[in-house]
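Engineer: Take a look at this one; I'll ask things after.
The values are calculated or read from the model by the stated rules, or taken from the named source; none is laboratory data. Source: prediction; values computed, not measured. Here the Cβ is made from the backbone with ideal geometry for all residues, glycine too, and neighbour counts use every protein chain on show.
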């Protein structure tokens with residue numbers, strides 16, 4: 001049993017390492033991905049900090065917003081990750097994976113973990129920008145480790161969701177259209193830029209089944225000095241891990257269908 005688990009982990013990490021290696025061929029992707037969160041913090045955050053229209057408790061609005069923009073960046077990096085398997089199918093790479101002895105769930109999880117590694121670059125950039133803007137961040141090692149884990153979990157979750165969509169739609173054009181449709185509702189139906197307390201009741205229900213809400217809640221509690229979790233840190237980790245596990249199982253089952 002232990003040998004099988006170790007073999008699964010080894011194969012998962014091998015797939016993840018292969019995916020991360022692609023960044024060396026196009027590192028400009030990391031730079032272009034940083035533009036959108038910078039605009040949110042430098043323009044939207046600065047303007048709404050002056051308005052004082054959104055109740056954020058003992059936090060300034062720019063402090064409140066920073067973890068939400070970090071979660072948004074993770075979402076945007078991960079949600080389009082699934083397009084890679086459409087390219088791989090067209091190049092014949094997927095066929096090679098499918099005839100290998102690697103478990104389908106290891107293939108899916110490996111790609112998901114690689115999305116988490118990509119998202120870490122966004123976290124580094126946003127931490128640096130937050131420092132420049134005077135956001136009161138929590139720099140304790142435990143908090144930083146917790147943020148790292150949440151970033152990887154969130155990116156892996158949305159990357160797996162993206163992969164499942166790619167396996168269903170099978171074409172780049174349809175995938176990009178659906179990806180564009182999904183990102184903004186996921187973002188706005190969460191607590192990223194305003195607290196759930198001010199939402200209408202129907203939107204609160206949607207926010208509480210939105211995994212991004214739990215990621216933002218955990219990031220806000222860990223990343224900020226004086227931040228606190230409204231849902232409970234344990235709940236945040238359990239929900240994200242459970243949803244990721246479920247999506248990996250679904251992805252492992254549906255992954256071979258990309259070639260049919």
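Engineer: Kindly indicate whether residue 144 is out of contact with any strand residue (DSSP E or B) (no Cβ under 8 Å at 6 or more places or on another chain), assigned to a helix (DSSP H, G or I) and within 18 Å of residue 219 (Cβ to Cβ).
Structural biologist: So residue 144 passes the test.
Engineer: Another question, if that's okay. Just for segment 67-84: of the residues that are closer than 10 Å to residue 159 by Cα and either without any contact (Cβ under 8 Å) to a residue 60 or more places away in the chain or within 10 Å of the chain's Cα centre (by Cα) (or both), which one is surrounded by the most Cβ atoms within 10 Å (Cβ to Cβ)?
Structural biologist: It comes out as 74.
Engineer: With 161, 187, 125 as the choices, which residue is in contact with a helix residue (DSSP H, G or I) (Cβ under 9 Å, 6 or more places away or on another chain), more than 26 Å from residue 235 (Cα to Cα) and not in a loop (DSSP other than H, G, I, E, B)?
Structural biologist: 125
Engineer: Now, a different point. Would you check if residue 143 is surrounded by fewer than 16 Cβ atoms within 10 Å (Cβ to Cβ) and at pLDDT 80 or above? It would help to see each step written out before you state the result.
Structural biologist: Details: surrounded by fewer than 16 Cβ atoms within 10 Å (Cβ to Cβ): no; at pLDDT 80 or above: yes.
In short, no.
Engineer: Still on this structure, I have one more. Determine which member of the set 156, 123, 106 is more than 25 Å from residue 5 (Cβ to Cβ) and surrounded by 17 or more Cβ atoms within 10 Å (Cβ to Cβ).
Structural biologist: When all the criteria are applied, what remains is 123.
Engineer: Shifting gears a bit: Can you report the number of residues in segment 210-234 which are closer than 20 Å to residue 61 by Cβ and without any contact (Cβ under 8 Å) to a residue 40 or more places away in the chain?
Structural biologist: 6
Engineer: Can I ask one more? Do we have residue 87 as assigned to a loop (DSSP other than H, G, I, E, B) and either under 22 Å from the mean Cα position of the chain (by Cα) or farther than 25 Å from residue 255 by Cβ (or both) here?
Structural biologist: no
Engineer: For segment 109-140, which positions are touching a strand residue (DSSP E or B) at 6+ places or on another chain (Cβ under 9 Å) and under 20 Å from residue 42 (Cα atoms)?
Structural biologist: Passing the criteria: 127, 130, 131, 135, 136, 137.
Engineer: Of the residues that make up segment 229-245, is at least one surrounded by fewer than 16 Cβ atoms within 10 Å (Cβ to Cβ) and over 24 Å from residue 112 (Cβ atoms)?
Structural biologist: yes
Engineer: Report the residue count in segment 190-209 for those that are in contact (Cβ under 8 Å) with a residue 60 or more places away in the chain and either part of a loop (DSSP other than H, G, I, E, B) or touching a helix residue (DSSP H, G or I) at 6+ places or on another chain (Cβ under 9 Å) (or both).
Structural biologist: Residues in segment 190-209 being in contact (Cβ under 8 Å) with a residue 60 or more places away in the chain and either part of a loop (DSSP other than H, G, I, E, B) or touching a helix residue (DSSP H, G or I) at 6+ places or on another chain (Cβ under 9 Å) (or both): 7 in total.
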